[in-house]
Amino acid sequence: MNAEPDDTRPAGVPTDDAPAGIPARFADELIRPFVIGTISVLTLIQLVAHPPARLPWLTWGLVVVAIATGVAPSVLPWRRLPDRAQLTLVSVFMAAGAMSFSLAKDTAAPALVLLASVTAGEKLASRRAAVTIVGAGTAATAAVTWVATALHLPHESPWWISLIVGLPLYIGLARRERADALAIADLAARQSRRAAASEAREAALEERGRIAREIHDVLGHALSGIAVQLDMADALHAAGRGQDANEAVRRARALAVSGIGETRRAIHALREDTLPLPETIARIARGSTAGFEVQGEPGEVRVEVAQAVIRTAQEAITNAHRHAPGAEVRLLLDYTDRPIRLTVTDTGTAAPGARPNHSGSGMGLVGMRERASLLGGTLYAGPTEPPAPGWTVRLELPR
């Protein structure tokens with residue numbers, strides 16, 4: 001008799017040897033051994049006190065076999081046994097209990113076949129196999145009862161009483177369904193906890209990667225520029241061009257100061273991630289006396305995209321104040337259907353008496369372009385389209 005895959009327990013349910021809830025372990029470790037032990041002890045005591053008058057060795061043998069196979073599901077690693085071994089043990093348990101039903105009627109032995117029905121429903125992986133075994137056991141019990149009546153054995157019972165043998169099958173099936181439901185719930189809870197832990201680790205790795213990119217963008221460009229200027233200063237000094245060497249050192253110092261400022265702005269931007277993007281850009285604009293406007297319906301954007309928009313806004317405002325101090329600066333954050341667009345414009349005319357500072361390294365613009373490219377976007381930095389004067393920085397990124 002083969003177990004059918006289509007009527008086995010749900011896939012992925014832990015076995016009886018795996019953690020599958022306290023009720024299942026309680027039943028296997030306490031209730032089942034207690035019940036089978038009690039029935040066995042009572043049956044043996046009653047057989048000793050009142051030995052069977054007819055077929056004593058057959059009766060004793062059947063009772064011992066029924067007790068041994070009935071104890072097996074509680075003492076053996078049941079789910080590690082092959083399906084064929086499980087079917088064989090339950091079938092022998094049912095057959096021995098069925099024949100003991102009439103031969104040892106005045107003892108507790110008739111309860112063994114009832115327990116065999118419960119065991120078939122609860123322990124066999126295939127419902128079809130359980131129904132088949134219990135049906136065969138019921139027929140065997142009726143046949144043995146009819147034979148005992150025909151042979152006028154003592155203590156014979158009406159054959160129809162044997163029909164109750166199959167009823168406990170539904171108790172076993174119900175216990176099986178409940179154990180499966182508890183196991184599935186326990187498995188789902190453990191998978192949910194693992195998924196939450198995995199998401200937390202992924203978020204932490206993503207945040208670490210974002211911080212690493214910030215450090216690379218800010219410090220990497222600044223330090224590489226400083227190294228180039230210092231190498232140039234060393235070469236110029238060796239060539240006897242002291243004035244040019246001093247100028248290279250001053251440029252290196254300017255790069256260091258700019259890098260410190262960029263680092264501070266990056267730290268500020270990282271702290272601002274908890275705020276909505278429009279509010280963050282508005283705070284940046286207010287801090288630099290720039291105008292700010294939002295178009296479209298603000299929506300969710302990726303963390304990397306929001307960070308790129310923030311960094312571009314800071315860098316564009318810094319460049320505008322450096323090259324055209326006192327010029328009017330305006331920021332426009334445009335939420336379109338797919339991309340998000342940031343446009344920073346200035347009038348390009350410095351205020352009267354203000355002195356533009358053209359000592360920047362240009363690394364900030366390079367960093368903005370690299371960041372936009374990594375995120376699949378574009379960055380334009382150049383003169384504003386005529387007839388409007390000034391300079392425009394336009395960042396467009398997919399959400």
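Table for the structure above
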| item | result |
| --- | --- |
| Extended-chain gain in nm, criterion 0.36 nm per residue less alpha-carbon gap, residue 188 and residue 257 | 19.3 nm |
| FRET E, pair residue 167, residue 38, Förster distance 25 Å, beta-carbon r, rounded to 0.05 | 0.75 |
| For residue 340, distant residues with modelled amide H under 5 Å away | 397, 399 |
| Point-to-point label distance, residue 147-residue 300, nm (Cα→Cβ direction, 7 Å offset) | 7.1 |
| Per-peptide average of other Cβ atoms within 10 Å, ordering 367-374, 45-52 highest first | 367-374, 45-52 |
| In nm, spacing of pseudo-spin labels at residue 181 and residue 288 (7 Å Cα→C-beta vector) | 6.2 |
| Ranking by accessible area, most exposed first, for 263, 378 with a 1.4 Å probe | 378, 263 |
| Length gained when the stretch residue 234-residue 57 is fully extended (0.36 nm per residue, less Cα-Cα span) | 52.7 nm |
| Paramagnetic reach from residue 207 (point 7 Å along Cα→Cβ, amide N under 20 Å) across the stretch 300-318 | 301-311 |
| Probe 1.4 Å - accessible area at residue 58, Å² to nearest ten | 90 |
| Accessible-area value, residue 337, 1.4 Å probe, nucleic acids and ligands omitted, Å² | 150 |
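The values are calculated or read from the model by the stated rules, or taken from the named source; none is laboratory data. All values derive from a computational prediction rather than experimental measurement. Don't worry about glycine lacking a Cβ; one is built from the backbone with ideal geometry, like all the others, and counts go over all protein chains shown. The protein model used for the area step is the full one, side chains on, heavy atoms only, and it has no ligands, DNA or RNA in it. Shrake-Rupley method; radii C 1.70, N 1.55, O 1.52, S 1.80 Å.
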